[in-house]
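A.B. asks: One structure, pasted below without further comment.
The values are calculated or read from the model by the stated rules, or taken from the named source; none is laboratory data. All figures in this text were calculated on a predicted structure; none of them were measured in a lab. Positions of Cβ are generated from backbone atoms using ideal geometry, with glycine treated the same way; all protein chains shown enter the neighbour counts. For the accessible areas, the whole protein counts, side chains as well, though only heavy atoms, and no ligand, DNA or RNA atoms are used. Shrake-Rupley method; radii C 1.70, N 1.55, O 1.52, S 1.80 Å.
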Amino acid sequence: KIEDFMKSNLIISYSLKYNSTELEDILNESHFVGRNGKHIGMNEAYLFPTSTFVFNYNLGKISDNFNLNLMALYLLNHKYVNNNIIISQLNTLSESYTDYNKKYFLINSDLNYYFKLVNTNLKFRLNYSKSEYNQIINNNQVLINNNLISIGSELRSVISKKITSNIGGKWDISIIKSSNKNITTSKIFFDFDFKVDKNIFIKTNNDFYFN
């Protein structure tokens, strides 16, 4: 951890963890799972290593007029349990097997700025995540590459001692490369808080979604 006179701190960490095989993934005899599902394990126990890398940087404090936080996470399953899912008209059969290099990457950023003159706080968020793994259905293997981008902003204002407003929006973009599928979702919200006295508090929430 590094701290300096600019009220910033930096945390970098790395860990390696081993997870043992679940019992249902060991049993090699067909057994029922759920209502119409069957599962066959690997008939052997393994230790599955997972590496985790975390980067976190913060500039300023929450109580300051300006605050910035950046966080990055990288997760790598060097070896893990995957399933071959076989779908038929009567039931669904899943067969456990050992797979390699399942990846997950995440970046979160948050910015807060307080305009003291007008009692208004501005928040801005930008998030990105990516996952990569194999999926097998009816013995057909497909590499899934899933990307998610989220952009949002929010404006909180104190109009008077009894009235506050909260206006903002959020935009989500999901891209799944294996099927060339794009999903875009937008959200806009408009909130008002009314405080009549100590015992009466009225709050309105208005959300609008667009695809």
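A.B. asks: Inside segment 58-74, can you point out the residues that are out of contact with any Leu (no Cβ under 6 Å at 6 or more places or on another chain) and open to solvent by less than 50 Å² (accessible area, probe 1.4 Å)? Walk me through how you get there before you give the answer.
C.D. replies: Initially, segment 58-74 is screened for residues out of contact with any Leu (no Cβ under 6 Å at 6 or more places or on another chain), giving 58, 60-67, 69-72, 74.
Matches in segment 58-74: ASN58, GLY60, ASP64, ASN67, ASN69, MET71, ALA72.
A.B. asks: Only residues that are of a type in the set (A, V, I, L, M, F, W, C) and either within 13 Å of the chain's Cα centre (by Cα) or open to solvent by less than 50 Å² (accessible area, probe 1.4 Å) (or both): list them for segment 124-136, please. Give the steps one after another, and end with the answer.
C.D. replies: As a first pass, look at segment 124-136 and keep what is of a type in the set (A, V, I, L, M, F, W, C): 124, 126, 136.
Matches in segment 124-136: LEU126, ILE136.
A.B. asks: Output the residues belonging to segment 119-156 that are touching a Phe, Trp or Tyr at 6+ places or on another chain (Cβ under 9 Å) and closer than 30 Å to ILE200 by Cβ.
C.D. replies: THR120, ASN121, LEU122, LYS123, GLU154
A.B. asks: Only one of these is more than 24 Å from the chain's Cα centre (by Cα) and at pLDDT 85 or above: ASN139, ASN121, ASN145. Name it.
C.D. replies: Working: ASN139 fails: at pLDDT 85 or above; ASN145 fails: more than 24 Å from the chain's Cα centre (by Cα).
Answer to the check: ASN121.
A.B. asks: What number of residues within segment 174-209 are at pLDDT below 75, open to solvent by 80 Å² or more (accessible area, probe 1.4 Å) and either assigned to a helix (DSSP H, G or I) or within 16 Å of TYR128 (Cα to Cα) (or both)?
C.D. replies: 1
A.B. asks: Strands (runs of 3 or more DSSP E) wholly in segment 15-79 with at least 2 residues that are at pLDDT 75 or above - which ones? Break it down stepwise before answering.
C.D. replies: Working: elements: 31-33, 37-40, 47-59.
In segment 15-79, 47-59 are the strands (runs of 3 or more DSSP E) which contain 2 or more residues that are at pLDDT 75 or above.
A.B. asks: Being in a strand (DSSP E or B), under 18 Å from LYS116 (Cα atoms) and either touching a residue at least 40 places away in the same chain (Cβ under 8 Å) or out of contact with any helix residue (DSSP H, G or I) (no Cβ under 8 Å at 6 or more places or on another chain) (or both) is the filter here, so list the residues in segment 131-173 that pass it.
C.D. replies: Filtering segment 131-173 for residues in a strand (DSSP E or B) gives 131-137, 140-158, 163-173.
This time we only want the ones that are under 18 Å from LYS116 (Cα atoms), so: 154-158, 163-167.
Scanning segment 131-173 gives GLU154, LEU155, ARG156, VAL158, ILE163, THR164, SER165, ASN166, ILE167.
A.B. asks: Please find, within segment 148-157, the residue that is modelled with the lowest pLDDT out of those that are crowded, with 16+ Cβ neighbours inside 10 Å and over 12 Å from the mean Cα position of the chain (by Cα).
C.D. replies: So the residue we want is ARG156.
A.B. asks: I want to confirm something. Restricting to segment 89-101 and keeping residues that are open to solvent by less than 80 Å² (accessible area, probe 1.4 Å) and assigned to a strand (DSSP E or B), which single residue is modelled with the highest pLDDT? Spell out how you get there, then give the answer.
C.D. replies: Step one: list which residues in segment 89-101 are open to solvent by less than 80 Å² (accessible area, probe 1.4 Å), which gives 91-99.
Pick out the ones that are also assigned to a strand (DSSP E or B) and you get 92-99.
Working: THR92: 81, LEU93: 79, SER94: 81, GLU95: 82, SER96: 82, TYR97: 82, THR98: 84, ASP99: 88.
Across segment 89-101, the extreme among qualifying residues is ASP99.
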